[in-house]
Amino acid sequence: MKFFSPAFAASEEIPVKYTCDGEDISPPLQWSNLPEGTKSLAMICDDPDAPNGVWDHWLIFNISPESTGLEENTPKQFDPFRGVGHGLNSWQKAYYGGPCPPSGQHRYYFKLYALDARLRIKPGAAKGAILRAMEGHILEKVHFFGVYSRENVKK
């Protein structure tokens, strides 16, 4: 599987537009070469460098394998596209929340899962419920990360 954002290169700086210092909208994401038998996709974006452990920024599941990505500024509704659901992030919001590190540079991992089933959970599900629902259904997983630091942002 291939997975990337056309807005920034892997391991490079995430543009301010997609952070709390900018428009705080989701970046565009693209994928291809899904494994045979893929029935749905799930995507999790998290920050492993957060001071109190992993901070979840975006969880979205039951994405159609017919799709080739998510456009910039994915709608914030629980069910942004027919049958697709957002999970709860660490702010307890069911939509994208951009990078907003309290200090230093953090890494933001975008993880894409190809699944052999649609998840039988409702929009607004917690990360634990999403991960449990994916158990035994992951055909392939791929990830990339971007970095962000608020230290160079003009306020």
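The values are calculated or read from the model by the stated rules, or taken from the named source; none is laboratory data. Note that the structure is predicted; figures quoted are calculated from it, not measured. Neighbour counts are summed over all protein chains in view; Cβ atoms, including those assigned to glycine, are modelled from backbone coordinates with ideal geometry.
What the table shows:
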| item | result |
| --- | --- |
| Options 58, 91: the member that is aromatic (Phe, Trp, Tyr) and surrounded by fewer than 16 Cβ atoms within 10 Å (Cβ to Cβ) | 91 |
| Positions within region 117-132 being surrounded by 15 or more Cβ atoms within 10 Å (Cβ to Cβ) and more than 17 Å from the chain's Cα centre (by Cα), in sequence order | 117, 118, 121 |
| Flag for residue 140 being under 25 Å from residue 22 (Cα atoms) and either in contact (Cβ under 8 Å) with a residue 40 or more places away in the chain or not hydrophobic (A, V, I, L, M, F, W, C) (or both) | no |
| Residue 66, sole failed condition from (1) among the acidic types (Asp, Glu); (2) within 25 Å of residue 119 (Cα to Cα); (3) touching a residue at least 24 places away in the same chain (Cβ under 8 Å) | (3) |
| Test: residue in region 71-79 that is surrounded by 14 or more Cβ atoms within 10 Å (Cβ to Cβ), among the hydroxyl-bearing types (Ser, Thr, Tyr), out of contact with any strand residue (DSSP E or B) (no Cβ under 6 Å at 6 or more places or on another chain) and touching a residue at least 24 places away in the same chain (Cβ under 8 Å) | yes |
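Residue-wise test of (1) modelled with pLDDT under 95; (2) within 25 Å of residue 23 (Cα to Cα); (3) among the aliphatic types (A, V, I, L, M).
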{"site": "72", "(1), (2), (3)": "no, yes, no"}
{"site": "75", "(1), (2), (3)": "yes, yes, no"}
{"site": "88", "(1), (2), (3)": "no, yes, yes"}
{"site": "101", "(1), (2), (3)": "no, yes, no"}
{"site": "111", "(1), (2), (3)": "no, yes, no"}
{"site": "129", "(1), (2), (3)": "no, no, yes"}
